[in-house]
Amino acid sequence: MGAERLLAAQRAGEKIAVEIKTFLGDSPITDYHAALGQFLNYRLALELKEPDRKLYLAVPVAVHEAFFQREFLQISVERHQVNRIVYDPVNEVIVQWIS
C-alpha cells in the first residue's frame with residue numbers, strides 16, 4: 001500500500017474504487033488539497049463511466065488520527081462527501097471504513 005494509486009474492487013457485492021494516498025509530503029494540508037482535488041475528479045469520472053462504483057480515499061491510520069481529526073478536515077470531508085478507508089501501512093490492513 002505504499003505507492004499512491006487508484007484501485008477498482010468489490011466489497012460485499014458493492015463496486016468500489018479506492019484512491020490510496022500516503023501523505024508523505026512536507027505539508028499534510030498540501031497533500032490533502034491534492035488528494036481532495038484528485039478524489040473529486042475521479043468521482044466525477046466514475047459518475048460518467050461507472051455510476052454504480054463508489055469511491056473511497058484511503059489514508060494511513062497515523063494521518064487519520066492526527067490530521068483528519070481537525071475541525072477543518074472533518075467539515076471538509078463531510079461537505080465533499082469523502083468516503084474514507086483508514087489503513088495501517090505497516091501491517092497492510094484496513095482499520096476502518098468511513099462512509
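The values are calculated or read from the model by the stated rules, or taken from the named source; none is laboratory data. Note that the coordinates shown come from a computational prediction; the quantities given were computed from them, not determined experimentally. Counting neighbours? That spans all protein chains shown, and the Cβs are built from the backbone with ideal geometry, glycine included. When the accessible area is computed, the model is the full protein with side chains, heavy atoms only, and any ligands, DNA or RNA have been set aside. Shrake-Rupley method; radii C 1.70, N 1.55, O 1.52, S 1.80 Å.
Annotations for the structure displayed:
- Heavy-atom accessible surface of the chain, averaged per residue, reaches 61 Å², computed with a 1.4 Å probe.
- Segment 92-99 - phi-based ³J(HN,Hα) in whole Hz, Karplus 6.51/-1.76/1.60, Gly and Pro as x: 6, 10, 7, 8, 7, 9, 10, 10
- ³J(HN,Hα), Karplus 6.51/-1.76/1.60, whole Hz, each residue of segment 65-73, x for Gly, Pro: 5, 8, 9, 6, 8, 5, 4, 4, 5
- Counting only alpha carbon atoms, the long axis of helix 28-49 and the longest principal axis of the chain meet at about 0°.
- Computed magnitude of the charge dipole of the chain (debye, nearest 20; Cβ of K, R +1, Cβ of D, E -1): 280 debye
- With DNA, RNA and ligands ignored, accessible area of Leu57 (1.4 Å probe; Å², nearest 10): 0 Å²
- Fraction of accessible area attributable to carbon and sulfur, the chain (%, probe 1.4 Å): 52 percent
- Computed over every Cα-Cα pair of the chain and binned at 5 Å starting from 0, the pair-distance distribution P(r) comes out as 3, 12, 25, 28, 19, 10, 3, 0 percent.
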